[in-house]
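The values are calculated or read from the model by the stated rules, or taken from the named source; none is laboratory data. Quick caveat, the model's predicted, so the values are computed rather than measured. Here Cβ is always computed from backbone atoms with ideal geometry, including for glycine, and neighbour counts include all displayed protein chains. SASA here: full protein model, heavy atoms, side chains in, ligands and nucleic acids out. Shrake-Rupley method; radii C 1.70, N 1.55, O 1.52, S 1.80 Å.
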Amino acid sequence: MRRHSCFTLIAGALACAAPVLSQTPPVATFGSSTLWSIADESFGGWSGIEVDADGTGFTAISDRGLIVSGRLLRNTRGWLIGADAGPILSLAHTDGGPLPRYWTDSEGLAIGADGAVYVSFEAEDRINRYDDAAADRAVELPRHPDFAEFQNNSSMEALAIGPDGALYTLPERSGALDRPYNVYRFRDGVWEVPFTIPRRDDFLPVGADIGPDGRFYLLERRLSSSQLGFASRVRRFDLSDDALTNEVTLFTSEPRQHDNLEGIAVWQDDLEIIHLTMISDDNFRFFQVSEIVEYRVEPRPGLDQGEETN
């Protein structure tokens, strides 16, 4: 997400933050990370990522209306050691031409089983569908009436798709520190609000995915005004047709442990270990980096039944 005055905007929320509701140990453990760059002046601002089922192929979008696909490079132990991708392509508008000014702030990414690519946008709040990652013509989905009421620069950064093709999104800000987030679902051509997500502390949602285990994973971040760095958190929920239950905080990073993580993809390896692959938005600032980070959630009896919840 673009933040021209992000320190000012988030500092107010920090001052009013609620106390942490749970001090349980992390369920996810850090696996590996790698810095990423391409010799292209448009590189940067990566806000969304999707990863193939085997953890190799990936697609990412930037908040300047760009998309790129490639593969993650790993050593013999499976740790990230780099990424090979390109070229960087522009997301098209509904007429097949370039996106108009102020329509380019692409934030959330989801890819269906049929290869269709869905992208959520801020500023002109909407979701576009593309036939594939070439993204050469957009079809805009119907807009929920609430989209027009979202706060400027604080709307649909998180986008996920279920195995049935249903899309899930939520705004970055709920409108009040004690107000839960509405989760919007687009299914069979109709928008609905089947459930909400509780707002915890001063973290704000920036990415989402539905894992191969059928659970809903929410990536959140906060900016520490005192330490001038981002902290990240991932919460997991059991997903049913009408509820999100068994909330578990998988990990909370320290400020500046990682950069500005905004996109998340969840996949599972042959050992049934869940991997959380995340990507950072460097905001095109020289003191930030484009980073790909992975955490691991190994099967643990009891935790998978929601014993360790907030």
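Values for this structure:
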read-out: Peptide ranges 199-208, 241-250 listed from the most packed, as the mean C-beta count within 10 angstrom indicates; value: 199-208, 241-250
read-out: Sorted largest first, extent of segment 166-268 alpha carbons per principal axis (Å); value: 45, 35, 24
read-out: Segment Asp269-Ala134, extension gain: residue separation times 0.36 nm, minus the distance between their alpha carbons; value: 45.9 nm
read-out: Residue-level accessible surface for Thr252, protein heavy atoms, 1.4 Å, Å²; value: 70
read-out: Amide H contacts under 5 Å for Gly57, placed H, 5+ residues apart; value: Asp52, Leu72
read-out: Where the chain is the region considered: accessible area per residue in Å², 1.4 Å probe; value: 43
read-out: Assigned charges on the beta-carbon of Lys, Arg, Asp, Glu; segment 65-108 dipole about Cα centre (debye); value: 300
read-out: Cut-off 10 Å between beta-carbons: net charge of the residues surrounding Asp269, Lys and Arg +1, Asp and Glu -1; value: -2
read-out: Karplus (6.51, -1.76, 1.60) ³J(HN,Hα), θ = phi - 60°, over segment 190-200, in Hz, Gly and Pro reported as x; value: 10, 8, 8, 10, x, 6, 10, 10, x, 8, 10
read-out: Where a label projected 7 Å from the Cα of Asp146 along Cα→Cβ would reach, residues of segment 180-217 with amide N under 13 Å; value: 180-186, 191-199
read-out: Spatial separation of Cα centroids for segment 231-251 and segment 65-122, in angstrom; value: 25
read-out: Nearest-20 debye value, the chain charge dipole, Cβ charges on Lys, Arg, Asp, Glu; value: 840
read-out: Restricting segment 64-128 to trypsin sites (Lys or Arg not before Pro) in coil, as DSSP defines it, with at most 15 other Cβ within 10 Å; value: Arg77, Arg101
read-out: Sequence-distant residues sharing a close amide H with Asp282 (under 5 Å, placed H); value: Gly45, Trp46
read-out: Dipole-positive endmost among Pro142, Thr34, Tyr217 within the chain (Cβ charges, Cα centre); value: Thr34
read-out: Carbon/sulfur fraction of accessible area - the chain, other protein chains in place, 1.4 Å, %; value: 49
read-out: Net charge contributed by nearby residues that have their C-beta within less than 11 Å of Arg71 (K/R +1, D/E -1); value: -2
read-out: Ellipsoid semi-axes in whole angstrom, largest first, where each is sqrt(5λ) of the Cα gyration tensor of the chain; value: 25, 23, 21
read-out: Most to least packed among 163-169, 116-122 [average Cβ atoms within 10 Å]; value: 116-122, 163-169
read-out: Total formal charge among the other residues, if their Cβ is under 10 angstrom from that of Val139, Lys/Arg +1 and Asp/Glu -1; value: 0
read-out: Mean Cβ count within 10 Å, highest first, over the residues of peptides 106-115, 279-288, 137-146; value: 106-115, 279-288, 137-146
